[in-house]
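Rule-based calculations on the coordinates, nothing more; no lab input. Since the structure is predicted, the reported quantities are computational estimates derived from the model, not experimental observations. Cβ placement follows ideal geometry from the backbone for every residue including glycine, while neighbour counts extend to all protein chains displayed.
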Amino acid sequence: MTNNEIRVRFAPSPTGPLHAGNMRTAVFNWIFAKKMNGKFVLRIEDTDVERSADEHTREIIDSLHWLGIGWEGEPYYQSKRTAIYEEKITDLLAKNLVYPCFCNDEQLEMDRKAAEKKGRPPVYVGRCAKIPQDEAQKRSAVEPHSLRFRVPAETLSYTDAIRGEVTVNTGLIGDFIVRRSSGVVTYNIAASVDDAMMGISHVIRGEDHISNTPKQILMMRAMGFSGHPIYAHLPIILAEDGTKLSKRHRNSSFGDLIRDGYLPEAVFNFLALMGWRAEDNAEEMQVEKIIAEFTLERVSLRAAHYDLQKLDWLNKHHLLHADADRVLSVGRPFLKKIGPELDALPREKQLLLVSAEKENISRLDELEAGLEPFLHYSLDAEARSAMAEHQAEAVGRALLSACEIADYQSAMDDVSCAAGVKGKKLFMPVRAALLGRLKGPELKKIYEFLTPGERKSRVGTFLKLLGEK
Ligand code: GLU
């Protein structure tokens, strides 16, 4: 805040499986940091020790790595910073800007219902705000209590980098809790202390946090920090059914996207489009282009759509343009059955196979089924029954004699001539004879991948299977 360094943060709470919406926030912050030559820090918001779990922190870290997002230094853990928050709270208590609240849950619930009845906002009624400071102090030594921030009555304005001037009547906020009676400090105080102390220049986060922003600005001011970060609230994400994306929606957990076989660059691209577009409206983009074109001003106010068909489409295109090497390494976890057999092939053959197959799939979880017929021959039922309509046997016999020919086109010319067929009548049986399937990569690639010996043995099996009525 005091210098001009651009510093953003991703501040997830490790209280459940990582959500795609959270990762959209990470992606936008990281892109912005890259674009502005700034820093991106990772802050794990785990003040609520009971709800936080190491496995979720691990997932956050692994998922960021998976996406190719790195951060500055070590992650910050709020659970290790409680002494700092407590010190700030002590200062605020001394200044009477924070006060103990002795209201119990039943009272608060009654207040809430009464407010609802009168059509008032469900904010704290301020009962304990009036207790004199010395009396409050004495009672708090013996009575259970939370601590509340005393919200000054005013009209607060700040400029949101996406939505422009935002004005809030603080009377609608109510004195909010900074430390629960259990002793846990709340998100709002921890986040404002940290954003200020970590020199965060821009807070980019989902619009569901927009109601927290005035609270955090007020607290930073009360704690004596000068100014506050620039805030930018990203639009809400809607699922395919038109409701806010939440964990009950299909593939909304980030782990699902990894498990379902999307490439990291496709997921990154997909998330970057959740509320932002390039000037030329390009859809498929590499990360470099996204960074080059990104501005907060181009982030939309309109809801973003979590359209999984678009993700499939993007993934297909990224697969098409990715190196076979990369597809092979990212695809490795999806090759459960045939992994070792694939490894046994010379490297260039592995790459040949993957580069042929990646054009036919939309997701990496389809890779194994696509590669399998190259490693084991069997004539599938669809191919078997289609052969009835073709002069499959004549083509098979001609192909058996042509298997030694290295050049694909010459071999096909020979087969065509010998069997007296061309076009589909030629290619379908050849495909079935060599791959055992009617679909798959270009025939030329299949032919060239197989050695003459493999071709012969496959065609032999094919003819034998055709003979078995
Ligand atoms: N821990 C909060 C969350 O995960 C962070 C919100 C913020 O960015 O301030 O929603």
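Whole-Hz Karplus values for the range 401-413 come out as 7, 9, 4, 6, 5, 6, 7, 4, 5, 5, 4, 5, 4 Hz, taken residue by residue from phi with 6.51 cos²θ - 1.76 cosθ + 1.60 and θ = phi - 60°; glycine and proline positions read x. If R0 is taken as 51 Å, the Cβ-Cβ distance between Ala153 and Leu351 corresponds to a FRET efficiency of 0.15. Among residues other than Leu97 with Cβ under 12 Å from its Cβ, the summed charge is +3 (Lys and Arg +1, Asp and Glu -1). Residues whose amide H comes within less than 5 Å of that of Leu238, counting only those at least five positions distant or on another chain, are Leu245, Ala304, His305, Tyr306 (H built at 1.01 Å from N in the peptide plane). Projecting the Cα atoms of Ile189, Val299, Asn269 onto the charge dipole of the chain (Cβ charges, centred on the Cα centre) puts Ile189 farthest toward the positive pole.
Summing charges over neighbours of Ser355, with a neighbour being any other residue whose Cβ is under 12 Å away from its Cβ, gives -3 when K and R count +1 and D and E count -1. When the Cα positions of Gly16, Ala33, Thr47 are compared along the charge dipole of the range 1-54, Ala33 comes out farthest toward the positive end, with charges on each C-beta of Lys, Arg, Asp and Glu. Cysteines in the chain that lack a partner Cβ within the 4.7 Å cut-off: Cys103, Cys403, Cys417.
With a Förster radius of 41 Å applied to the C-beta separation of Lys95 and Glu55, the computed FRET efficiency comes to 0.55. Summing Cβ point charges (Lys, Arg +1; Asp, Glu -1) relative to the Cα centre of the chain gives a dipole of roughly 740 debye.
Compared with the alpha-carbon gap, the fully stretched path from Thr451 to Arg248 is longer by 68.1 nm at 0.36 nm per residue. Compared with the dominant Cα axis of the chain, that is its longest principal axis, helix 82-94 is turned about 30°. At q = 0.14, 0.16, 0.18, 0.24 Å⁻¹, what log₁₀ I(q)/I(0) does a Debye calculation on the Cα points of the range 375-469 give, no solvent, two decimals? The Cα Debye sum returns log10 ratios of -0.40, -0.53, -0.69, -1.35. Summary value for the range 4-102: 31 percent relative contact order, contacts being C-alpha pairs under 8 angstrom separated by 6+ residues. Averaging the sequence gap over all C-alpha pairs within less than 8 Å and six or more residues apart, then dividing by the number of residues, gives the chain a relative contact order of 13 percent. Its alpha carbons considered, the range 177-308 gives a radius of gyration followed by a Dmax of 17.7, 53 Å.
Charged neighbours of Phe270, selected by a Cβ distance under 11 Å, balance to -3 (K, R count +1; D, E count -1).
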